[in-house]
Amino acid sequence: MNLFYVENITGSTAVMSEMESRHCVKSMRLRNGDSIRCTDGNGFLYDGVLVEDNPKACVIAIRQQTAMPPELPFHLHIAVAATKNPDRLEWFVEKAVEIGVTEISIIRCAHSEKESVKTDRMERLMIAAMKQSLRFRLPAFHPAIELQALVQQYAPLHDWQKFIAYCGEENDKQELISLAAPQTNSLILIGPEGDFSPDEVVMAQQSGFRTVTFGSMRLRTETAALYACCQMHFINELKKK
């Protein structure tokens, strides 16, 4: 199934962006009268017919709207520091969307080597990954937030489980898989290449975050972030069994 992304929906008519329209007409070679399926990224699948094969603005007549079931039984928020090489962060974002994540934040930390990302490019990657994996919900994306601000925002949320991955020497660190509960809203903080500072870890701990480790190997920032995402899915799959 080919899945397209549409934002502009009015009644029973949807209009594609120029980028999606070019892909529809030039790459997929769809023409007027062809059946087409699309999503708005908000959990809906639209079945329709292409009525205007304009490479700048394709028009779809919607025949059926279907509310798709939730893809995750919990809210998964991965907050990760920007990597010095933007390709690595883009790789994480793309793969996390394919695997399944609800929200991604880029955090500014004491040891961050890069504090900004190209939001437009990230959004395009996320849309492409959503379509590739046949998902119908586009994760929320926050391009830049201070670590302290995010921690303070989540500190009062006692129904969330909150973790900070840390490479420093701490005796009470445990594996994420041994601490995390399934089907529970979760926020996981992943630091920069230079790791979180000790002060940042203490600040997070005082706000209800638990320090976790991903094993004896030191992982790159983007690898640790994707590992955390995969671990949360694994934990929830175990619960099903």
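Under the condition of being over 18 Å from GLU169 (Cβ atoms), open to solvent by less than 40 Å² (accessible area, probe 1.4 Å) and without any contact (Cβ under 8 Å) to a residue 60 or more places away in the chain, the residues counted in the stretch 182-223 number 1.
Going residue by residue through the stretch 66-77, is there one that turns out to be under 20 Å from MET122 (Cα atoms) and open to solvent by less than 50 Å² (accessible area, probe 1.4 Å)? Yes, the conditions are met somewhere in the stretch 66-77.
From the list PRO139, PRO143, the one residue that fits, being under 30 Å from ASP120 (Cβ atoms) and open to solvent by less than 20 Å² (accessible area, probe 1.4 Å), is PRO139.
Pairing residues of the stretch 50-79 that are within 18 Å of THR39 (Cα to Cα) with residues that are among the aromatic types (Phe, Trp, Tyr) and at pLDDT 95 or above, at Cβ distances under 7 Å and at least 6 apart in sequence or on separate chains, gives ILE62/TYR46; GLN65/PHE44; GLN65/TYR46; THR66/PHE44; ALA67/PHE44; MET68/PHE44; MET68/PHE136.
Tallying residues that are surrounded by 15 or more Cβ atoms within 10 Å (Cβ to Cβ) and among the small types (Gly, Ala, Ser) within the stretch 48-60 yields 1.
Please enumerate the residues belonging to the stretch 165-180 that are without any contact (Cβ under 8 Å) to a residue 40 or more places away in the chain and either open to solvent by 40 Å² or more (accessible area, probe 1.4 Å) or in contact with a Pro (Cβ under 6 Å, 6 or more places away or on another chain) (or both).
Residues of the stretch 165-180 without any contact (Cβ under 8 Å) to a residue 40 or more places away in the chain: 168-169, 171-172, 174, 178-179.
Listed by number, the residues that qualify are GLU169, ASN171, ASP172, GLN174, SER178.
The set of residues from the stretch 16-42 being open to solvent by 80 Å² or more (accessible area, probe 1.4 Å) and in contact (Cβ under 8 Å) with a residue 24 or more places away in the chain comprises GLU18, MET19, ARG22, LYS26, ARG37, ASN42.
A count restricted to the stretch 90-118 and to residues that are more than 17 Å from the chain's Cα centre (by Cα) and either on the phi > 0 side of the Ramachandran plot or open to solvent by less than 30 Å² (accessible area, probe 1.4 Å) (or both) stands at 2.
The values are calculated or read from the model by the stated rules, or taken from the named source; none is laboratory data. None of the values given here were measured: they were computed from a predicted structure. Neighbour counts are summed over all protein chains in view; Cβ atoms, including those assigned to glycine, are modelled from backbone coordinates with ideal geometry. Each accessible area value is taken on the protein alone, full model and side chains, heavy atoms only, with ligands, DNA and RNA left out. Shrake-Rupley method; radii C 1.70, N 1.55, O 1.52, S 1.80 Å.
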